[in-house]
Amino acid sequence: MNYGNALQGLLADNIDEGYQVVTNNYAIVDFPFVKGLQYRINTGVRFGVSNDATYYGRNTQRGFRDGGSASTSRGISKDIVIENIVNYNRDFDKHRVFLTGVYSFENSRSNTNRLSAQGFPNDFLKWYGAPQAALNVPGFSNSETTLLSAMGRINYSYDSRYLLTLTGRSDGYSGFGEKTKQGFFPSMALGWNIINENFFKWKDIFSQLKLRASIGRNGNQAVSAYETISRLASRDIVDGTVTLPGYIPRTIGQNNLGWESTKTLNSGLDFGFLNNRITGDINLYKSNTTDLLLDRTISPVSAFDQITQNIGETENKGLEFSVTSTNISTNNFRWETTGNIAFVKNKIVSLYGFKDDKGKEIDDIANRWFIGKPIRVNYGYQWIGVWQLDEATEAAAHKTQPGYIKIRDVSGPDGVPDGILSAAYDRIIIGQSDPKYTWGMNNSFSYKNLSFSVFMYGIHGVTKENDLLNDDVGRDITQNTIKKNWWTPDNPTNDWVMNRLDANRQEGQIAGAYENASFIRLRDVSLSYDFPNDILTRLGLDKFQIYVSGRNLHTFTKFGGTDPELTGQRDIPLQREYTIGLNLGF
Amino acid sequence: MKKIKNIIVVFIVISLTGSCSKKWLEENPPHLITTETLYTNLNGFEAGLNGLYSLVRGEREGRDFTTENLVADIAMIGTDNIVPNQRGGFGFIALLYNTNNESNNSNLRSVFLWLYQTINAANTIINQAENRTDIDWESGGTSTDANKNRIIAEAKALRAWAYRHLTFCWGDVPLNLEESLGSNIKTDWTRTPVADVREVMKTDWLFAEQYLDAEPKIRGKISKGAVQHYLSELYLTIGKPDSALIWANKCINTPAYKLITERYGVRANQPGVAFMDMFYEGNSNREEGNTEALWVWQWEYNVVGGGADYGSIMRRYHNATSHHLQIKIGDVVPLQKTPERGGIGIGREQPTKWAINLYEPQDDRGSNYAIRKYYILNTAAENAPAPADRLPNGYNYGDTIKLSWENDLTGLGNNLVNNYPFIRKYDTYKAETDPLRGSYNDQTYLRLAETYLLKAEAQLKLGDKPGAAETINIVRRRSHTSDISASDVTLDFILDERSRELIGEEHRRYTLLRTGKWLERVQLHNHRGGQTAAARDTLYPIPQIVIDANLTKKMPQNPGFN
């Protein structure tokens, strides 16, 4: 399959259709007897149908090998949302009250019929010839989930100075265990519009000043249907030419799967200066998530790779700051800047509660979850360079030689480096996969009818493996490899090992090449011109704009892979785009 | 009026949605099957067994439904008689034991998981059958007790089969005899000592032997004889040759089991030897005349359950025809691809020079029918539907292109020898499936000749050299090679005879390990990787993920591995 014509897909026959009907409706009833009471019902229905078929004929490697190969699928999906909303709205004196109650029902259903067939007598009928194909394998898939929610909210404000919101919601999700389907999530928010206070003296400087605080709990149901059910999958055998249908245990379910819930404490300040010339907000938060829904890697002795469970507790602490500023504003020229920056620190607080004999909680190495460390970290042996010629004796003591990878000997059973690479003592955490801080900034300029804007953003603190450097030397190299600074006796570099089969191993172990994947990207740059009003009236247009823009123009980074933002360095990277366009309004 | 109508509509809608009660939150997937619903009657248990056999069959397939990383190689490659040629799969470990036999190797991890999946499937069947009271064991002809016992017997036989692999490969392994549920996830597995695991295997096989048929009614199922054979081997492994002899005799003395001594089957009227007949497609099953078979595994092309698009890759790994099709004499590439040349394989593993030279000249097992040593240049008529072979300068049709094993397979790199002999036991001769990577012919997995050699080993251990010689001679006579005498019988001779008879079939690594001869013979006869083997390599390292996932109890690694 690897060595067929890479363009054989162009010779395949293919249908790929999808249709969708969407309708959103609502009805509002204003209650006649009670002023301010309103009932609203929202309904949304989405109905989709998909129809796919592909046929590889004998003019392709795959079709030639299989005697024609077809796969078809027909799928139906139905999504329904019904929301019942009751609102009560009253103002009396300085009090303002807004009550809301919601009861909603959300149901998603999908099922698909599939067929794979091969061994066609000829290619004339393509997949329509499946009844005559030697092998037909049908398949079905089916999924349904339901979410039932009830929510109540009280919004109260006094004199536009003191604000209070209280919410409570109760959700039930079908994908959870029999006794654990419901979750209850209350929250409370307080606001103080300082700017409206009589005692506030700086109303000429500040145009907006509001202090906020909130505490609340919300839930996450991020599992698919049926994860609580341990089930079998089909696995057939034959007796001569007769199929014998069979089943094996395939998925292990956790029957008390329930809501993941996050408790967040948040405080913030909204501000505005100089008649809202400068506005912005600051937020400080701390959230603790418990019962995280995670795919946990378990011991292969259980016969399964993974099980989805509610696990442990994590903590996130962060600071966010954003500002919008109109720097210059004259009749003809305007410059506005919007920026934000967010710092976040997360760590795992607890996992399963297993404690060692010193009372300290045990990390889960198999899943790379370490107590007190960020949720997603890199873990493994650490590459510190290449053994050089003058280190030959030391290399020999490590059972290796100059030109080969040098892996750090971190520690040993006595707490000091012991000259042996072992999984127990020499694997360490090498940076985190999630950013430590991110920011974005947009500057827009306009002069008369001309506008120019620049948007850039940065993500910092990520450490990522540059696996583009790894060659699949298992087979002879038939794929492109990137240019490397190979070590040779005449080129004693530490950048890369010598060109030999196992030079990337020390005592049988390999170490990933982790690099700093922080970057700043010039994301959008755009220049546009709006034609003046007299031309618009002459042409009978409401809007006439031409523009030229560029996207992903440049990335500043030290990361050596294709793109520091991509997970897989062999995926298609972001493209640089240049666009020229016209906006017309009639 | 309109307002009142609106209110009525609204209340109706509210009451309808309000009545959508918790019933909506129940999951009733019509397309999923659980152990609760399946294991309620005999048919359900048969289906569970079918799934278990499908897992077991994975030994001769590629890892994870692919056509690479032949699972059986964990027991066959890097020994004294089979070494890697074109590297691949377990060949990487066999080539560089010192660096590649390590705990992060993905093949080791994959095989470890596959064996425990097999054990879990068996455990599920056994636990459900033994503990549930709502099962309908009724069937047409046999009693409910007989049905239940037979089901449990098959599952126990296969469970012990999986533990056999685990113990030979890794030594002390966790003993898991319960079906895995979400509620019994463990993080504190212990490595049960090998002797204790073998006791459980013995109990399982002793139970199974009582209820299995000598000649199973469904192809692919394990027979009574196969279990007797495994018991004999187990008793040899734990140092009880007297019991080993008893069980080997039980198997050998079964009237239905007989060595093939005469030509038979689909190619009987073509040139060949009786020894090789049972390896041809259409001859392997007992129903097709193979009286020697104790267990025949089933594949079938273009049939659901027949191996899908991967099949068995024994031919892909042992047959080296794709190399030989590149042999050049002068400027000419003489050989054409024809079904008669046994199908296409890429020769990832081939016999050592020592193994090829073990045969007397008249030994059928060393003939060109069993080990490819030469090709005859064929005319178009002889090669049809393929074209005629191309003639190099000075050659005529009917001349021989000889392969060479003058130079052994050596070296530790990616060198590929493209004119070296290979084992023909997995060759196929069907135009439809020959070009595919997978092969779909049925394969004799276990046969009586090996039981004879176990018997000889037991007789030797009990001091009965004349008896051992006679047992060995029965096997030798079938292949028309000379008789030996009592003084010839030594453990090394028996190991040599096993190579002559069973090369490419037996789990050579396990045989050498249980006789304590692995390191000695690997260093003596294996020059392509054997020079990197050390004492620690008699065991594979426990996969690192197994150690890491054992959070609450430290799991020790095998000695010598980090």
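The values are calculated or read from the model by the stated rules, or taken from the named source; none is laboratory data. Bear in mind the structure is a predicted one, so any value in this text is a computation, not a measurement. Counting neighbours? That spans all protein chains shown, and the Cβs are built from the backbone with ideal geometry, glycine included.
Yes/no matrix, rows are residues, columns are (1) of a type in the set (Val, Ile, Thr); (2) surrounded by fewer than 18 Cβ atoms within 10 Å (Cβ to Cβ); (3) part of a loop (DSSP other than H, G, I, E, B):
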position	(1), (2), (3)
B:GLU102	no, no, yes
B:PHE112	no, no, no
B:GLU130	no, yes, no
B:SER139	no, yes, yes
B:TRP161	no, no, no
B:THR167	yes, no, no
B:TRP189	no, no, yes
B:ARG198	no, no, no
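Could you say which residue among A:LEU257, A:LEU292 is within 11 Å of chain B (Cβ to nearest Cβ), in contact (Cβ under 8 Å) with a residue 12 or more places away in the chain and crowded, with 17+ Cβ neighbours inside 10 Å?
Just one listed residue meets the conditions, A:LEU257.
Filter region B:215-253 for residues that are of a type in the set (Ser, Thr, Tyr) and buried (at least 18 other Cβ atoms within 10 Å of the Cβ) and give the result.
B:SER223, B:TYR230, B:SER232, B:TYR235, B:THR237
Inside region B:526-541, can you point out the residues that are more than 10 Å from every other protein chain (Cβ to nearest Cβ) and part of a loop (DSSP other than H, G, I, E, B)?
Those that are more than 10 Å from every other protein chain (Cβ to nearest Cβ) and part of a loop (DSSP other than H, G, I, E, B): B:ASN526, B:HIS527, B:ARG528, B:GLY529, B:ALA533, B:ALA534, B:LEU539, B:TYR540.
Report whether or not B:ARG150 is in contact with a Ser or Thr (Cβ under 9 Å, 6 or more places away or on another chain), closer than 30 Å to B:ARG316 by Cα and part of a helix (DSSP H, G or I).
no
Okay, residues lined up against (1) more than 25 Å from B:TYR540 (Cβ to Cβ); (2) more than 10 Å from chain A (Cβ to nearest Cβ); (3) at pLDDT 95 or above:
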| residue | (1), (2), (3) |
| --- | --- |
| B:ARG159 | no, yes, yes |
| B:ALA162 | no, yes, yes |
| B:HIS165 | no, yes, yes |
| B:TRP170 | no, yes, yes |
| B:PHE207 | yes, yes, yes |
| B:GLU215 | yes, yes, yes |
| B:ILE218 | yes, no, yes |
| B:LEU234 | no, yes, yes |
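Of all residues in region B:200-239, which are within 29 Å of A:GLY240 (Cβ to Cβ) and part of a loop (DSSP other than H, G, I, E, B)?
If the condition is that a residue be within 29 Å of A:GLY240 (Cβ to Cβ) and part of a loop (DSSP other than H, G, I, E, B), then B:LEU212, B:ASP213, B:ALA214, B:GLU215, B:PRO216, B:LYS217, B:ILE218, B:ARG219, B:GLY220, B:LYS221, B:ILE222, B:SER223 are the ones that fit.
Which residue is nearest to B:ARG477 (Cα to Cα), if the candidates are limited to region B:262-281 and must be part of a loop (DSSP other than H, G, I, E, B) and acidic (Asp, Glu)?
Restricting to residues being part of a loop (DSSP other than H, G, I, E, B) and acidic (Asp, Glu), the top hit is B:GLU262.
Of everything in region B:481-496 that's crowded, with 16+ Cβ neighbours inside 10 Å and of a type outside the set (A, V, I, L, M, F, W, C), which residue is nearest to B:GLU520 (Cα to Cα)?
Ranking the candidates gives B:ASP496 first.
Please determine, by comparing only the residues of region B:220-232 that are among the small types (Gly, Ala, Ser) and closer than 21 Å to B:GLY48 by Cβ, which one is farthest from the other protein chains (Cβ to nearest Cβ).
B:ALA226
Among the candidates B:LEU462, B:LEU436, B:LEU391, B:LEU448, which residue alone is buried (at least 18 other Cβ atoms within 10 Å of the Cβ) and either within 30 Å of B:VAL489 (Cβ to Cβ) or more than 31 Å from the chain's Cα centre (by Cα) (or both)?
B:LEU448
Is one or more of the residues making up region A:46-55 within 14 Å of chain B (Cβ to nearest Cβ) and either surrounded by 12 or more Cβ atoms within 10 Å (Cβ to Cβ) or modelled with pLDDT of 95 or more (or both)?
no
Scan region B:408-447 for residues that are under 20 Å from B:GLY89 (Cβ atoms) and either free of Cβ contacts under 8 Å to residues at least 40 places away in the same chain or hydrophobic (A, V, I, L, M, F, W, C) (or both) and jot them down.
B:LEU409, B:LEU412, B:GLY413, B:ASN415, B:LEU416, B:VAL417, B:PHE422, B:ILE423, B:LEU436
Taking region B:31-69 as the search range and keeping residues that are of a type in the set (Ser, Thr, Tyr) and buried (at least 22 other Cβ atoms within 10 Å of the Cβ), which one is farthest from the other protein chains (Cβ to nearest Cβ)?
Of everything passing the filter in region B:31-69, B:TYR39 is farthest from the other protein chains (Cβ to nearest Cβ).
Here is a list: A:TYR39, A:TYR56, A:TYR26, A:TYR88. Which entry is touching a strand residue (DSSP E or B) at 6+ places or on another chain (Cβ under 6 Å) and more than 30 Å from A:LEU164 (Cα to Cα)?
The conditions single out A:TYR56.
Condition (residue is in a loop (DSSP other than H, G, I, E, B), at pLDDT 90 or above and at the interface with chain A (Cβ under 9 Å from one of its Cβ atoms)) applied to region B:6-24: is it met by at least one residue?
There is no residue in region B:6-24 that is in a loop (DSSP other than H, G, I, E, B), at pLDDT 90 or above and at the interface with chain A (Cβ under 9 Å from one of its Cβ atoms).
Show the residue pairs that are 6+ apart or on different chains and have beta-carbon atoms under 8 Å apart, the first residue being within region A:485-498 and buried (at least 16 other Cβ atoms within 10 Å of the Cβ), the second being of a type in the set (Asp, Glu).
A:TRP487/A:ASP495
Go through B:THR124, B:THR144 for me and flag whichever is among the hydroxyl-bearing types (Ser, Thr, Tyr) and touching a residue at least 60 places away in the same chain (Cβ under 8 Å).
After applying the criteria, what remains is B:THR124.
Could you please tell me which pairs satisfy a Cβ distance under 6 Å, a separation of 6+ or placement on different chains, a first residue in region B:448-474 that is within 22 Å of B:ILE238 (Cβ to Cβ), and a second residue that is polar (S, T, N, Q)?
Note: pairs meeting the criteria are B:TYR452/B:THR471; B:LEU454/B:SER232; B:LYS455/B:THR471; B:ALA456/B:THR471; B:GLY467/B:GLN459; B:ALA468/B:GLN459.
Being of a type in the set (Gly, Ala, Ser), facing chain B (nearest Cβ under 8 Å) and within 30 Å of A:PRO245 (Cα to Cα): is that true of A:ALA130 here?
no
A:PHE452 fails exactly one of the following numbered conditions: (1) in a strand (DSSP E or B); (2) surrounded by 18 or more Cβ atoms within 10 Å (Cβ to Cβ); (3) aromatic (Phe, Trp, Tyr). What is the number of that condition?
Status for A:PHE452: all satisfied but (2).
Against the condition crowded, with 18+ Cβ neighbours inside 10 Å, of a type in the set (A, V, I, L, M, F, W, C) and either within 13 Å of chain B (Cβ to nearest Cβ) or at positive phi (or both), how does A:ILE407 come out, does it pass?
yes
Those residues that are over 23 Å from A:SER287 (Cα atoms) and either surrounded by fewer than 16 Cβ atoms within 10 Å (Cβ to Cβ) or under 21 Å from the mean Cα position of the chain (by Cα) (or both), I need them from region A:338-359; list them, please.
Selection gives A:PHE354, A:LYS355, A:ASP356, A:ASP357, A:LYS358, A:GLY359.
Give the number of residues within region A:350-392 that are away from chain B (no Cβ under 13 Å), over 26 Å from A:LYS406 (Cα atoms) and either touching a Cys at 6+ places or on another chain (Cβ under 7 Å) or of a type in the set (A, V, I, L, M, F, W, C) (or both).
Residues that pass the stated criteria total 1.
Return yes when B:ASN550 is buried (at least 22 other Cβ atoms within 10 Å of the Cβ), within 14 Å of chain A (Cβ to nearest Cβ) and of a type in the set (S, T, N, Q) and no when it is not.
Yes: the conditions hold for B:ASN550.
Name the residue, out of A:LEU166, A:LEU148, A:LEU135, that is farther than 25 Å from A:TYR103 by Cα and either surrounded by 15 or more Cβ atoms within 10 Å (Cβ to Cβ) or modelled with pLDDT of 90 or more (or both).
After applying the criteria, what remains is A:LEU135.
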